[in-house]
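Please treat every number below as a calculation from the coordinates, not as lab data. Just so you know, these numbers come straight off a predicted model, no measurement behind them.
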Amino acid sequence: MTLTNLILASVIILLLIYCGRLKLRQQSKTDKMLQWRGPKVQVSNNDVMQYIRDTTDTFRPYLEQRGLDFTVNCSPESMMGWIDTDKIDKILQLFIADMATHATEEGKISIDINTNERYENVIIRIRDNGPRISSTTQFIALNLVNIHQGNLSCKYYEGQGNTIAIDIPITREAYTDALSDTPQQAMSFHIPTNIELHVPTIELPTPNAEGESPLEAIFHQQPTADQEYLQRAIRCINEHLSDSDYSRETFAQDMGSSVSTLYNKIRALTGKNITNFVRDIRIKKACQLARENPDLRVSDIAYQVGFRDPKYFATSFKRVMGMQPKEYISLQKSADH
């Protein structure tokens with residue numbers, strides 16, 4: 001067995017173990033598909049396009065090493081939505097691993113991510129020019145997509161390759177039940193305003209027992225190992241704030257861990273994935289720059305906090321702050337007068 005076959009086999013075995021804990025049930029008579037009766041999706045609000053782009057980029061070194069032509073296109077470039085990042089990771093990993101393992105010479109894999117007209121669903125299309133995707137991969141992926149309340153289509157065209165279409169909802173309303181079971185602390189985390197962006201310390205706030213939230217109470221205690229880890233992670237981002245090429249892999253290396261370990265740790269401590277964690281720190285610094293120098297142009301601020309595209313920066317800024325950067329700057333100017 002070749003190394004690539006071993007990799008695919010390992011991926012499938014791990015996913016079978018993950019999925020094997022769930023029961024199978026018969027869905028409605030109309031579609032007659034099997035679906036697991038198991039854990040609900042654990043969705044969070046993310047930039048869906050950016051997340052999928054970052055996730056698929058982790059496969060790029062392996063695919064390029066195998067000589068495969070790998071492309072990823074998102075339209076629009078940015079779109080906030082509610083997704084279960086764990087399920088999305090596993091679905092993408094399954095298909096890409098299968099395609100890469102059985103790829104022929106001059107193999108190609110392309111991923112196109114779009115939304116429907118009402119921006120209620122995201123459609124992920126994965127295409128290659130290799131042999132038919134295995135039935136095991138299709139079966140596992142189908143059930144993961146079903147858990148995410150989506151639809152999966154797998155088509156093979158003789159001599160041309162596979163076309164995979166994954167259609168999942170991204171609106172908050174689609175996951176009302178899942179969100180009602182999600183701990184509020186994980187859903188409402190914000191980077192504390194008392195964290196100094198350039199100094200690698202956390203200044204603990206003045207104790208206020210009355211009306212104190214659980215999160216505030218944590219920060220009133222002596223720094224814990226988790227706080228120190230979070231502190232160090234924030235310092236890593238700040239040290240590379242203007243570097244738009246600072247990747248998850250480099251971030252993980254700087255933290256002395258694997259990407260998956262870093263992801264799980266950041267998610268557990270903040271309720272956010274790595275992409276949104278980094279984004280929020282960059283936006284927080286952007287606000288600081290705007291306060292200190294309201295005469296700066298939006299594009300200058302964008303570049304200083306690691307955004308290549310000022311338009312994407314403006315979109316991200318509004319998602320986090322609820323207003324456009326120009327509006328925020330105008331407020332700072334008004335406050336100065």
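Using modelled amide H (1.01 Å from N, peptide plane; none on Pro or chain starts), what sits under 5 Å from the amide H of Met79, excluding residues fewer than 5 places away?
Val48, Met49, Gln50
Kindly write out, for the stretch 85-100 in residue order, the coupling ³J(HN,Hα) from the Karplus curve 6.51 cos²θ - 1.76 cosθ + 1.60 (θ = phi - 60°), rounded to whole Hz, with x marking Gly and Pro.
Here the 3J(HN,Hα) series is 5, 5, 5, 4, 4, 5, 5, 5, 4, 4, 5, 5, 4, 5, 5, 5 Hz.
Among the listed pairs Lys265/Lys326; Lys87/Lys284; Lys87/Lys155, which have their C-alpha atoms separated by more than 31 angstrom in this model?
Numbers: Lys265/Lys326 34 Å; Lys87/Lys284 29 Å; Lys87/Lys155 21 Å.
Long pairs (Cα-Cα over 31 Å): Lys265/Lys326.
Suppose the Debye formula is applied to equal point scatterers at every Cα of the stretch 92-150; what is log10 I(q)/I(0) at q = 0.17, 0.28, 0.29 Å⁻¹?
Rounded to two decimals, the profile gives -0.65, -1.19, -1.22.
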